[in-house]
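The values are calculated or read from the model by the stated rules, or taken from the named source; none is laboratory data. Here the structure is a predicted model, which means the values were calculated and not measured. Please note: Cβ atoms are built from the backbone with ideal geometry, for glycine as well, and neighbour counts cover all protein chains shown. When the accessible area is computed, the model is the full protein with side chains, heavy atoms only, and any ligands, DNA or RNA have been set aside. Shrake-Rupley method; radii C 1.70, N 1.55, O 1.52, S 1.80 Å.
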Amino acid sequence: MVTMYDQPSDPRKNDLKDYNHENDLKYTLEMCQWLLKPLGLWGIIYHRVSSLERAVSFALLLLCFSTLLFLIVPTLYNMFYVEKNVQVKVKLIGPVAFCVFSTVKYCYMCAKRNLLGHCIHHVEKDWRTVGEQDHRAIMLKQAGISRRLIVICIVFFYSGGMFYQTLMQYSFQLTHKSNITVKPLTYPSFEFLDVQSSPTYEIVFSLQAAAAVILLNSTIAAYSMTATFVTHICGQIQIQILRLENLIQEKQAKSSFHERMTVIVHDHVEVLRFSKNVDKALSEIFLIEVVASTFIMCMLEFYCLTEWRNSDMIAVATYFMLLTSITFNVLIYCYVGDLLSEQCSQIGRVSYNINWYNLPAKKAYNFVLLEAISHYPPKLTAGKLIDLTINTFGVVGVEDICSVFEPTSNGYQLIFHAAYR
């Protein structure tokens, strides 16, 4: 356990007597921990785990990947080599794309475990060195915002994803062949398995449901880390803004102007480094998310139109819930990216609006660098190609793709209208 004596020497004086940061840190990272632990990622990302926890994490990783392969391999084989009906193949494209893209995101989180662990360590270090009650209140407020965003994301994804996995298939009319009722499965299974007999059907159904939970968790886990890191950065920026606003007004401060300015610049540089590490750790995942969401949104629009024509309202409602959840996911990614840039650019505005002109010239020059660097705020990017902003959401989510599947005599014709700028 970290004590007060473990904190580094700093011109900041700790006004929180006997402060235990562990509870606040747990509050900040709890949602990420809940989502990452079942995937086996928490033990390989977080540095303060025992050898037993790390071994359990590797076992969970092996179990999760085995479950995903049990879902993906037979589905791909069935779609490309077994199924001859074009409409059925098209209906499998969306779910298969979601499975493949989510698995790739899962793999990237494993590959980026060191960078993600470094980001979590940075959050932990900030909580250990919090110096004033006002600063702690700001950080707790931002942690509360990230938790609410994660909860909303969980509700959206699980309401649509698990409804599709467990209930929607039973809305279809059961087919009968030779007086045998065909039990439905969301995804095709291996041909050598007699999935219509018990308990094979129940086992396969349970494994597919478990794989769906893993896929949903991997998507939400990436989002939860993004929300946690970005809101933490926003909290640190707000602390720097508060220090700047009090910099000149504090006539009876315990430390000199130079010492307080040193703390502001040092912590601002740390925030910028942290932002860069977050983008480096999650950039590829953002790119996969944007590409996957754009494609899957097109497919879901088609499925909604198809099921509407078939008068299957349960299927329409399910696909619409999935479409809403994926659209919301892209929106939040773009929102937090926009929030990061906006918060970091505020440093320059605040440094200009304080009464710097009442200071001696040597002291006033200290604000020039803050003003200059605020014109180049950090950004979240999708693979270093696309900036995640609200404008990007308008392009990708609204204008970029408007897809329509038109039935023809030879099957289905897919028409894409792209409006990339």
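Here are some notes:
- Among the trypsin sites (Lys or Arg not before Pro) within the range 219-322, those in coil by DSSP and having at most 15 neighbouring Cβ atoms inside 10 Å are K251, K254.
- Global form of the range 179-310, assessed from the alpha-carbon gyration tensor, a/c cut-off 1.5: prolate
- Residues of the range 191-286: accessible area per residue with a 1.4 Å probe, Å²: 38
- Long-range amide H partners of T381 with built H, under 5 Å: L388
- The range 73-148, accessible surface, carbon-and-sulfur percent (1.4 angstrom probe): 58
- Trypsin sites (Lys or Arg not before Pro) restricted to DSSP loop in the range 71-119 with at most 13 other C-beta within 10 Å: K84
- Whole-Hz Karplus values for the range 91-96 come out as 5, 8, 4, x, x, 5 Hz, taken residue by residue from phi with 6.51 cos²θ - 1.76 cosθ + 1.60 and θ = phi - 60°; glycine and proline positions read x.
- Listed cross-link partners K276/K384; K37/K384; K276/K362; K276/K363; K276/K379 are compared with a 20 Å cut-off, the Cα-Cα value being larger for K37/K384; K276/K362; K276/K363.
- Taking 14 Å as the cut-off, no amide N atom of the range 213-241 comes nearer than this to a point 7 Å along the Cα-to-beta-carbon line of K384.
- Normalised contact order of the range 205-348, rounded percent, pairs of Cα under 8 Å and 6 or more residues apart: 37
- Derived scalar couplings ³J(HN,Hα) [the range 41-51; Karplus, 6.51 cos²θ - 1.76 cosθ + 1.60; whole Hz; x for Gly, Pro]: 8, 4, x, 9, 9, 7, 7, 9, 10, 7, 5
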